[in-house]
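Notes for the one structure printed next.
The values are calculated or read from the model by the stated rules, or taken from the named source; none is laboratory data. Computed from a predicted model, the values in this text were never measured in an experiment. Note that each Cβ is placed from the backbone with ideal geometry, even for glycine, and that neighbours are counted across all protein chains shown.
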Amino acid sequence: MVGALLNDIITCVLTDDTWPGPLVLVSLCRTLHIDRTGLDVLAHHVLSALIAQHPGPEALVRAGATFAAATRHLPDMGNTHPRRGNHRTTPETLISAHLPMPPTWTCSGCAHHWPCATKQSQLLVEFGGARAALGIYLGACLSAALFDLPHVDRQELQHRFLGWLPRNYWG
């Protein structure tokens, strides 16, 4: 069931078809008791599979936005206190909260320009030593942002998306 839905997502993104969207993904996650953290793992694998197909930045952003929209509708079951039932904010909870929201390219978690300072730190951790993968991801986002934000200076966007990386990151 999960494999079929993820295959549908990848196929629709690659062919520019419209699929039912994040609510179908939310429904499946609720049925299978997948929380935000589990959905984040699924999103990572789907985006990795998409990158291997060289879909272009628009497809990556569209897939990422679908997962971001679905995440907002799911509880963070992994961080619920067993007795009190309340949610605690942890680094794992915040990972899914700081996602890009095209076409304005603001952060879903704090409404600052994306990538915000929190997401920048998270990206360095998430991608670890995979410099090329992070560069491809940020370059794809930059490409989509250049299209979505034609009134913003190109140099400013380049600095916003890539200029924050440590100088020794590329060396």
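If you go through segment 99-155 and keep only what is aromatic (Phe, Trp, Tyr) and either more than 22 Å from Arg36 (Cα to Cα) or buried (at least 19 other Cβ atoms within 10 Å of the Cβ) (or both), you end up with Trp105, Trp114, Tyr137, Phe147. Just one residue in the set His73, His98 is closer than 24 Å to Thr118 by Cα, at pLDDT 75 or above, in contact with a Phe, Trp or Tyr (Cβ under 8 Å, 6 or more places away or on another chain) and not in a helix (DSSP H, G or I); that residue is His98.
Pairs are defined by a Cβ separation below 7 Å, a sequence spacing of at least 6 or placement on different chains, a first member in segment 152-164 that is more than 19 Å from Leu124 (Cα to Cα), and a second member that is in a helix (DSSP H, G or I) and of a type in the set (S, T, N, Q); no pair meets this definition.
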